[in-house]
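The values are calculated or read from the model by the stated rules, or taken from the named source; none is laboratory data. Treat the numbers as computed from the prediction; the structure is a model and nothing was measured. Here Cβ is always computed from backbone atoms with ideal geometry, including for glycine, and neighbour counts include all displayed protein chains. Protein only, heavy atoms only, side chains kept; ligands, DNA and RNA dropped before computing areas. Shrake-Rupley method; radii C 1.70, N 1.55, O 1.52, S 1.80 Å.
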Amino acid sequence: MKKIYALILIVSIAVSGAFSNPYAIDYSKLPQDEECMQLVDDFLSSYNYICQYNFDHLEDYKNYFLTAETLYNYLCKIKKPNYDEELLKLLTLRCIYNSDQVQFKEVEKLFKKINKKYSKNAEHHWIYGNFLVTCGKAESGQEELNTYLKMKDYYVSQYWMSDYAYSLTMTFQYLKAYYALTNGGQIDEADVDPWILRIIKENIEESSLDKEYTNEQVWRLSGEKDGYYYLYSTALGVSFPVKGSWEISLQPISKEKPAFANITVDDFKIKNNPVNITVLLLFVPQSVDYNFSEDVIAFNSSSSRVEEDIVLANQNFKKITFENPDIYNDARKGFRSFLYIADIVPEKFSGAKCEHPFYPTAKKSQSSNDSVVYYSFPHTLTRLNEPVRVYVLVDSCAALSKETDKLMEDLFAHAVFK
């Protein structure tokens, strides 16, 4: 038992940063002979070097990779391996992949074999998920890590949280990464991995109305998921679904004027003629003196008006419906508009709840070599530290009443306001 204790101690020393998945293995379930224990000791002592290797200087890492190969070959000789022996085999093989000696599909094949045999076990999802993240497949890796989380009924170790936080930094979700690393603020910064914490904090900026921002700093657009892209702003505490064909115009936050996103929905036709519905999202921080609803009500003074309280996206909204048959008095059968109003008070980690995987836009270099591109990495803004009044103004017509109601029901079902 002394040897096992020493081994666990080595793990705690050797494993750090974004590569904590060796903790998924129960080392007491491995062969306890001296040969195996020495091979495992050598491998774990080399593990961080293997994961943080420099591909252009592979020769310098040759001895480190050799520890993975030797242990892998030893494990392959075991005729009836148990689950933890298979886990260690998967871990060593993913390390050998870094030396460019095996293909991605070989690691994938071993994972699938283990998953088929041990479908009720969770630990292989942790190891494989971390492997996918380090291969540049961060979103797929997060899916595997989330599978582990759910199978463990959300009771996981701090080491898993470090790996998960790292995966979130790879998709530029720094607020979520901080949330994961500190377990929602329950773990003190002094007790988390300093390397990942530094990466996260270097990429987060406190938002302030005293600063000038560009649209790129305030607004981001995620990749497609569930049929929608997501327009989101961590500073404003919003995530709103949009489609790729919709036209969007934006304005950032400032002291002088509210932020907005004006969305033109072009999905509808009346008598084969295209008809747009516009959805304006307007955000007014409490410290900004502007009442948009007064302007809208004044503008629609000749229209009928009905007010009601309604819960949408888990927030209390006031909904005002405006109707006027004398406006759009053609095939559209009259004007029909909605104004939704809600005061959103920030919570702790509000911004994190609005984040999505994000990939910066490639831009051409200003150098003479036009083939060179670079990527813009704007800091992630924290949620404004004050209540924000949200206005959602919908401009439609009576002929598209059902379609508009269905559209807004769907959009609010996918939206987040925090």
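The residues of segment 248-297 that are under 21 Å from Ser207 (Cβ atoms) and of a type in the set (D, E, K, R), listed by number, are Lys255, Glu256, Lys257, Asp289. Scoring Ser302 on the criteria (1) open to solvent by 70 Å² or more (accessible area, probe 1.4 Å); (2) free of Cβ contacts under 8 Å to residues at least 24 places away in the same chain; (3) in contact with a strand residue (DSSP E or B) (Cβ under 7 Å, 6 or more places away or on another chain) leaves a single failure, condition (2). Determine whether segment 252-274 contains at least one residue that is outside any strand (DSSP E or B), open to solvent by 10 Å² or more (accessible area, probe 1.4 Å), modelled with pLDDT of 95 or more and farther than 26 Å from Arg332 by Cα. Scanning segment 252-274, I find at least one residue that is outside any strand (DSSP E or B), open to solvent by 10 Å² or more (accessible area, probe 1.4 Å), modelled with pLDDT of 95 or more and farther than 26 Å from Arg332 by Cα, so the answer is yes.
Could you list, in sequence order, the residues of segment 384-415 that are among the aliphatic types (A, V, I, L, M) and within 20 Å of Gln286 (Cβ to Cβ)? Leu384, Val388, Val390, Val392, Leu393 - these are the residues of segment 384-415 that are among the aliphatic types (A, V, I, L, M) and within 20 Å of Gln286 (Cβ to Cβ). If you go through segment 196-223 and pick out every residue that is of a type in the set (Val, Ile, Thr) and within 18 Å of Ala261 (Cα to Cα), you end up with 2. For first residues located in segment 398-418 and touching a residue at least 24 places away in the same chain (Cβ under 8 Å), partners that are in a helix (DSSP H, G or I) and open to solvent by 30 Å² or more (accessible area, probe 1.4 Å) and lie 6+ apart or on another chain with Cβ distances below 9 Å form the pairs Val416/Lys353; Lys418/Lys353. Remark: pairs (first residue in segment 60-84, surrounded by 14 or more Cβ atoms within 10 Å (Cβ to Cβ); second residue outside any helix (DSSP H, G or I); Cβ separation under 7 Å; 6+ apart in sequence or on different chains) = Tyr61/Tyr53; Phe65/Ser99; Leu75/Pro81; Tyr83/Tyr118; Tyr83/Asn121; Asp84/Ile25; Asp84/Asp26; Asp84/Leu30. For segment 329-359, filtered to residues that are of a type in the set (Gly, Ala, Ser) and in a loop (DSSP other than H, G, I, E, B), the residue that is farthest from the chain's Cα centre (by Cα) is Ala331.
Applying the criterion of being outside any loop (DSSP other than H, G, I, E, B), open to solvent by 30 Å² or more (accessible area, probe 1.4 Å) and not acidic (Asp, Glu) to the residues of segment 208-234, the residue that is farthest from Gln286 (Cα to Cα) is Lys225. The residues of segment 305-329 that are open to solvent by less than 50 Å² (accessible area, probe 1.4 Å) and among the basic types (Lys, Arg) amount to a single one, Lys319. From the list Ser233, Ser207, Ser222, which one is closer than 21 Å to Tyr290 by Cα and under 15 Å from the mean Cα position of the chain (by Cα)? None of the others qualify; the one that does is Ser233. Does segment 235-247 contain any residue that is in contact with a His (Cβ under 8 Å, 6 or more places away or on another chain) and open to solvent by 70 Å² or more (accessible area, probe 1.4 Å)? Taking every residue of segment 235-247 in turn, none turns out to be in contact with a His (Cβ under 8 Å, 6 or more places away or on another chain) and open to solvent by 70 Å² or more (accessible area, probe 1.4 Å). Only residues that are more than 17 Å from Asp267 (Cβ to Cβ) and crowded, with 21+ Cβ neighbours inside 10 Å were counted across segment 392-404, and they come to 2.
Comparison of Val40, Val11 shows that the only residue that is modelled with pLDDT under 75 and open to solvent by less than 10 Å² (accessible area, probe 1.4 Å) is Val11.
When Val284 is tested against (1) open to solvent by 50 Å² or more (accessible area, probe 1.4 Å); (2) at pLDDT 95 or above, only condition (1) is not met. Return the residues of segment 90-107 that are open to solvent by 20 Å² or more (accessible area, probe 1.4 Å), touching a residue at least 12 places away in the same chain (Cβ under 8 Å) and more than 17 Å from Tyr61 (Cβ to Cβ); say none if nothing qualifies. Passing the criteria: Phe104, Glu106. Only residues that are of a type in the set (Ser, Thr, Tyr), in contact (Cβ under 8 Å) with a residue 24 or more places away in the chain and more than 13 Å from Ile200 (Cα to Cα) were counted across segment 145-185, and they come to 4. Filtering segment 184-205 to residues that are over 21 Å from Ala138 (Cβ atoms) and not in a helix (DSSP H, G or I) leaves Gly184, Gly185, Gln186, Ile187, Asp188, Glu205.
Taking the listed residues Lys333, Lys319, the one that is in contact (Cβ under 8 Å) with a residue 40 or more places away in the chain and either touching a helix residue (DSSP H, G or I) at 6+ places or on another chain (Cβ under 6 Å) or charged (D, E, K, R) (or both) is Lys333, with no other qualifying.
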